[in-house]
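Each remark here refers to the structure printed beneath this line.
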Amino acid sequence: MSVLDNIYEKAKANPQKVAFPEAENEKMMQAAYECGQEGYIVPILVGDASKIRELIAERGYEESVFTIIDIGNEDYKNDIIVKYVALPQTVLKEKALGRRMENPLYFAMAMQAVGEADVTFAGIDNTTGDVLLAGQMIIGLKEGISTVSSIGLCDIPGFEGSEGQLLAVGDSAVCTNPSAEQLADIAISACDTVKGLLDWQPRCAMVCYSTLGSGQGELIDKVKEALAIANEKRPDLDIDGEFQLDAAIVPAVAAKKVNRESKVAGKANVLIWPDLNVGNTAVKLIQQFGHADAYGPMLQGFNSIVCDCSRGAPVSEIKGNVIISAVRALGAKRDC
């Protein structure tokens, strides 16, 4: 059974409520419809209800597959606002939230914050910046985390790692040049993400061009400092380094280069890049020369699951990421 087959089974066994604030978009509506019709999620379309219903009919979909939320429904909107402002540590007050909820993206996230949805999925009509800003303002960040980041899952033909062909990598999409503190947050969030999504025991390697002092310089110092911060924040997690990539994932190389006990060296299933130059290039190398399928980027660090997809994503890719996001939400509930 492939990793996606396993994820799809989990989704179908316990469908989560996914809110789509870009409900009128043709690709997004099709992905929501197919995921809902096939039993993977409960799709919630958020926006102008009359326009949404008109488009559902035009496109030949069964309206009963969807839950439709009209952002013009003042009674429902006010109910969400009351529940939201009663939550601890919310950023927005009643009037400020009400104004922002005229935007379906903020409306969907407010629904999520009060438990009316499990996931907000957007990115076709909204930019990544739009999604990140709304997520930080409405959903907020996990306790102890101050950095939104991303993780991807690579399925690499011929790779024989500790999880078979699978390898989780991050951040390859969001944090351009993370500080040591941000790098630590990325590592911690990545461990929580793979544990919730894949039931892995995360073994996380902080990678750079040095293995345990074989190189010198400020780039390496940042990775060492990040490791110390991550281990202090979350001693329960297996995060180690600094390692070159081969020392992180190849047991024979780790045996030569890592002359101390390590639960991670040679068998890492999560790699943390030192910056976005490395991360973006590495993922494209894996895809181009390793012929890998790369799933994500999956946003992480929020109090609950927020998803941003590529603006040019085809329906098949949107569907896969919707289902992955639903299973992440299920894993996050289980770990609470």
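The values are calculated or read from the model by the stated rules, or taken from the named source; none is laboratory data. Everything numeric here is computed off the predicted structure, so don't read it as measured data. Using ideal geometry, Cβ is built from the backbone for each residue, glycine included, and neighbour counts are taken over all protein chains shown. Note: accessible area is taken over every heavy atom of the protein model, side chains too, but ligands, DNA and RNA are not part of it. Shrake-Rupley method; radii C 1.70, N 1.55, O 1.52, S 1.80 Å.
Let me check something: with ligands and nucleic acids excluded, how do 147, 127 order by accessible area (1.4 Å probe), largest to smallest? All intermediate terms of the calculation are to be shown ahead of the outcome.
On the way: 147 5, 127 55 Å².
Ranked from most to least accessible, the order is 127, 147.
Quick check: from the Cα gyration tensor, does the stretch 265-336 come out rounded (a/c under 1.5), prolate or oblate?
oblate
Run the simple label-point estimate for residue 333 and residue 179 please: 7 Å along Cα→C-beta, distance reported in nm.
Each label point lies 7 Å from its Cα, and together they span 3.7 nm.
Between residue 99 and residue 316, what is the FRET efficiency for a Förster distance of 30 Å, r being their Cβ-Cβ separation, to the nearest 0.05?
The computed FRET efficiency comes out at 0.25.
How large is the helix-only mean residue ellipticity at 222 nm for the chain, computed as the sum of -39500 (n - 2.57) over DSSP H runs with n ≥ 4, divided by its residue count, in deg cm²/dmol to the nearest 500?
Computed ellipticity for the chain at 222 nm equals -14000 deg cm²/dmol.
Assuming a viscosity of 0.890 mPa s and a temperature of 25 °C, what translational diffusion coefficient in µm² per second does Stokes-Einstein assign to the stretch 182-289, Rh being the Kirkwood radius over Cα pairs?
For these conditions, the coefficient is 177 µm²/s.
Using Cα pairs under 8 angstrom and six or more residues apart, how large is the relative contact order of the chain, in percent? All intermediate terms of the calculation are to be shown ahead of the outcome.
On the way: 670 pairs, mean separation 75.0, N = 336.
Averaging sequence separation for qualifying contacts and normalising by length gives 22 percent for the chain.
Give me the accessible area of residue 276, 1.4 Å probe, in Å² rounded to the nearest 10.
The accessible area comes out at roughly 40 Å².
Calculate the spin-label point distance for residue 30 paired with residue 280, positioning each point 7 Å from the Cα along the beta-carbon direction, and give it in nanometres.
According to this spin-label approximation, the distance is 2.9 nm.
Compute the FRET efficiency between residue 289 and residue 4 as 1/(1 + (r/R0)^6), taking r as their Cβ-Cβ distance and R0 = 25 Å, and round to the nearest 0.05.
Rounded to the nearest 0.05, the efficiency is 0.65.
So for the stretch 203-287, averaging the separation of alpha carbon pairs under 8 Å that are six or more residues apart and normalising by length, what relative contact order in percent results?
38 percent.
For the chain, set up a Gaussian network in which alpha carbons nearer than 10 Å are linked by springs, and say which option among 294, 265, 23 fluctuates the most.
Ranking 294, 265, 23 by mean-square fluctuation puts 294 first.
Out of [x] 173; [y] 142; [z] 129, which label holds the value of volume of the Cα convex hull per residue in Å³ that was computed here?
So the structure-derived entry is [z].
Describe numerically, in nm with one decimal, the distance between label points set 7 Å from Cα along Cα→Cβ at residue 90 and at residue 74.
About 1.9 nm, to one decimal.
How many percent of Cα pairs in the stretch 1-115 exceed 20 Å?
Percent of Cα pairs beyond 20 Å in the stretch 1-115: 47.
Would you mind working out the accessible area per residue for the stretch 44-126, using a 1.4 Å probe, and quoting it in Å²?
49
What list of ³J(HN,Hα) couplings, whole Hz, do you get for the stretch 118-124 from phi and the Karplus terms 6.51, -1.76, 1.60, once you set θ to phi - 60° and write x for glycine and proline?
9, 9, 10, 10, 8, x, 6
Work out how much length residue 246 to residue 38 would gain on full extension: take 0.36 nm times their residue separation and subtract the Cα-Cα distance, in nm to one decimal.
Stretched out fully, the residue 246 to residue 38 stretch lengthens by 70.8 nm.
For a quick check: with amide H placed at 1.01 Å from N, whose amide H comes under 5 Å from residue 238's, ignoring anything fewer than 5 positions away on the same chain?
So residue 238 has HN proximity to 204.
Within the stretch 220-326, list the GluC sites (Glu not before Pro) lying in a DSSP loop whose Cβ has at most 15 other Cβ atoms in a 10 Å radius.
Qualifying residues, ordered by number: 261.
Counting only DSSP beta bridges with both residues in the chain, tell me the antiparallel percent, nearest 5.
Rounded to the nearest five, the antiparallel share is 30 percent.
Could you look at the chain and say what percent of its accessible area is carbon and sulfur, using a 1.4 Å probe and all protein chains?
Whole-percent figure for carbon plus sulfur exposure: 49.
Starting at the first residue of the stretch 125-130, write each ³J(HN,Hα) from the Karplus equation 6.51 cos²θ - 1.76 cosθ + 1.60 with θ = phi - 60°, in whole Hz, x for Gly and Pro.
Karplus-based 3J(HN,Hα) across the stretch 125-130 equals 9, 9, 6, 4, x, 4 Hz.
Roll a 1.4 Å probe over the protein chains and send me the accessible area per residue for the stretch 237-303 in Å².
Result: 48 Å² of accessible area for each residue.
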